[in-house]
1. Just the residues that are loosely packed, with under 10 Cβ neighbours inside 10 Å, touching a helix residue (DSSP H, G or I) at 6+ places or on another chain (Cβ under 9 Å) and either touching a residue at least 40 places away in the same chain (Cβ under 8 Å) or within 19 Å of residue 9 (Cβ to Cβ) (or both), please, taken from segment 25-78.
2. I'd like to know if segment 13-23 contains one or more residues that are in contact (Cβ under 8 Å) with a residue 12 or more places away in the chain, farther than 21 Å from residue 65 by Cα, under 13 Å from the mean Cα position of the chain (by Cα) and surrounded by 15 or more Cβ atoms within 10 Å (Cβ to Cβ).
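Every read-out reported here was derived from the displayed coordinates using simple, explicitly stated rules and does not represent laboratory data. As the structure is a prediction and not an experimental result, all values here were calculated from the model. Because the Cβ atoms are built from the backbone with ideal geometry, glycine has one as well, and the counts that use them run over all protein chains shown.
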C-alpha cells in the first residue's frame, strides 16, 4: 500500500486536485467530493498506464509541513 498526498485548490468552477509526489496527476471537480473521486480515478489510470509501459511509479508518502510566515514582515530589518 502506497499513500499519495493530495493538494486541493479552490477555483472559480470548483476544486482542482493534484498529487504532491506526482504532479502530472491532476484533475478538477465541481466540489471537493467530486474532485477527490476524480483524483483517485486519475491516480488509478496513471498507475495502470505506467505499469503497462514499464515506467517506474513515483514513490508516495511525502512529508507535508506548513511553514508559517508573516508576509508583511519579509525583508524588513529586525
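1. none
2. Yes, segment 13-23 contains at least one residue that is in contact (Cβ under 8 Å) with a residue 12 or more places away in the chain, farther than 21 Å from residue 65 by Cα, under 13 Å from the mean Cα position of the chain (by Cα) and surrounded by 15 or more Cβ atoms within 10 Å (Cβ to Cβ).
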